[in-house]
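The block underneath contains the structure these notes are about, expressed in structure tokens.
The values are calculated or read from the model by the stated rules, or taken from the named source; none is laboratory data. All figures in this text were calculated on a predicted structure; none of them were measured in a lab. Here Cβ is always computed from backbone atoms with ideal geometry, including for glycine, and neighbour counts include all displayed protein chains. Protein only, heavy atoms only, side chains kept; ligands, DNA and RNA dropped before computing areas. Shrake-Rupley method; radii C 1.70, N 1.55, O 1.52, S 1.80 Å.
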Amino acid sequence: MTQPTTYTAATTRLSPLLRLLTLTQLAFNIGFFAVLPFLSEHLGQAVGMAGWLVGFVLGLRTFSQQGLFVVGGALADRYGIRPVVLVGCVLRIAGFGWLGFAEETWTVIGAVLLIGFAAALFSPAVESEVARQAVIHEESGGGSRTRVLALFTVAGQAGAFVGPLLGALLLAVDFRTVCLAGAGVFVLVLAGHARLLPQHVPGRERVQVRGGIKPLLRNRGFLALCCAYGAYLLAYNQLYLALPAEVERATGSQAPLAWLFALSSLLVVTAQLPVTRRVGDRLSLRRSMVAGLLLIGAGFAVVALARPVNWTGTAGLLPAAGFVVLLTFGQMLVAPVARAWVPDLAEEGRLGLYMGALSSVSGLIVLIGSSVTGSLLDAGLPAAVPWLVLAAVPVVAIGLLPRRRTPPM
């Protein structure tokens, strides 16, 4: 039997719940990426923040989201995914509305924290259920779990493709309009999920939150995976920090940024499933992540090697485009594989907690790393140095990857 090669064909093979959750990811990212790519310029130009503070706020947004995923995951284990997803949507609507009217540092930080915490509720609930359903799909002979999670990634990137284009169009009015449009998307998501999301997912048993996280903290294989994934996420976060600075340097404008984001998303939408089928399915989980991290390191190296030449204009965008392409292909290998690995390392009934912890640990790494990166970019160092440092991060992370697919008994 031939395997599906398009997004539409692939989704027809999924259960109704997996289709709903996959489309959920699409909608989430349209609303989110309509705003986020333009946030750093808004903070620096309109609000007047220093470079290190912009980096800190962006890292704080990631940490308030990723860092609190463990809370959202534990709540999803305890109460089910429906209430957690719906409350998260309400908070995201409020956060985007607040950000649109925030003009001082403390109000921006408050809005950013609310936006991040909203995702800390709904994202681990959705991701853990997708991972659980992917295992069920695999065990029933429907295909590998990695391919299901790759399809989930495709949906997210399709949203990330449409979102910046929507944001760039609305930015012609002002940043507030962009934020309100993002909030409007989540109003639609909230209404749709209030109607369609099941009250209780069959086979998902709710567990008590008590029992703590001591078994998780003793799970060395899982913690190693968290650290390696955090290095990847720190690298990916440079799309919102280092890349805008490079685009501004090369062209004197942020306008090409939307097209580079669109390039990244278009690559994932068109190539994620073929890459997973031809590479991801043939390599072990660990080898897939090694290959992805090496590609990401190479992307930073491309910019580092080109910076001393100091190209500008269209030629100056070529290293940035090379970085985006290599980072994106690395992401195609790392992101779905990391999520596919978690069910093998998690305790029974605590997949939400573990999926949340994967993002929480990586969020802490991004918070620290983004502040350092912002300082590096502002420190007046030789042009290639910040990019060389960033190139080393994913390469070093390879040594942290667990050697075994399952934890020791």
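Only one of ALA242, ALA271 is of a type in the set (Gly, Ala, Ser) and within 22 Å of HIS42 (Cα to Cα); which?
Residue meeting the stated conditions: ALA242.
Among the residues here, LEU293 does not qualify as open to solvent by 40 Å² or more (accessible area, probe 1.4 Å) and in a helix (DSSP H, G or I). Report whether or not PRO394 is touching a Gly at 6+ places or on another chain (Cβ under 6 Å), in contact (Cβ under 8 Å) with a residue 60 or more places away in the chain and assigned to a loop (DSSP other than H, G, I, E, B). Here the answer is no, as PRO394 does not meet what is asked. Going through (1) open to solvent by 20 Å² or more (accessible area, probe 1.4 Å); (2) in contact (Cβ under 8 Å) with a residue 24 or more places away in the chain one by one, ALA357 falls short only on (1). As for region 51-72, it holds at least one residue that is outside any helix (DSSP H, G or I) and under 16 Å from the mean Cα position of the chain (by Cα).
Would you mind stating whether LEU223 is outside any helix (DSSP H, G or I) and modelled with pLDDT of 85 or more? Against the criterion (outside any helix (DSSP H, G or I) and modelled with pLDDT of 85 or more), LEU223 does not qualify.
So is THR24 of a type in the set (Ser, Thr, Tyr), under 30 Å from LEU171 (Cα atoms) and open to solvent by 20 Å² or more (accessible area, probe 1.4 Å) or not? Walk me through how you get there before you give the answer.
Working: of a type in the set (Ser, Thr, Tyr): yes; under 30 Å from LEU171 (Cα atoms): yes; open to solvent by 20 Å² or more (accessible area, probe 1.4 Å): no.
The answer is no for THR24.
Residues of region 122-147 that are open to solvent by less than 10 Å² (accessible area, probe 1.4 Å) and either over 13 Å from PRO343 (Cα atoms) or charged (D, E, K, R) (or both): PHE122, PRO124, ALA125, VAL126, GLU129.
All of (1) open to solvent by 50 Å² or more (accessible area, probe 1.4 Å); (2) closer than 30 Å to MET49 by Cα; (3) of a type outside the set (Phe, Trp, Tyr) hold for VAL395 with one exception: (2).
For region 229-255, the set of residues classified as under 17 Å from GLY374 (Cα atoms) and either outside any helix (DSSP H, G or I) or small (Gly, Ala, Ser) (or both) consists of ALA231, ALA235, GLN238, LEU239, TYR240, LEU241, ALA242, ALA245, listed by residue number.
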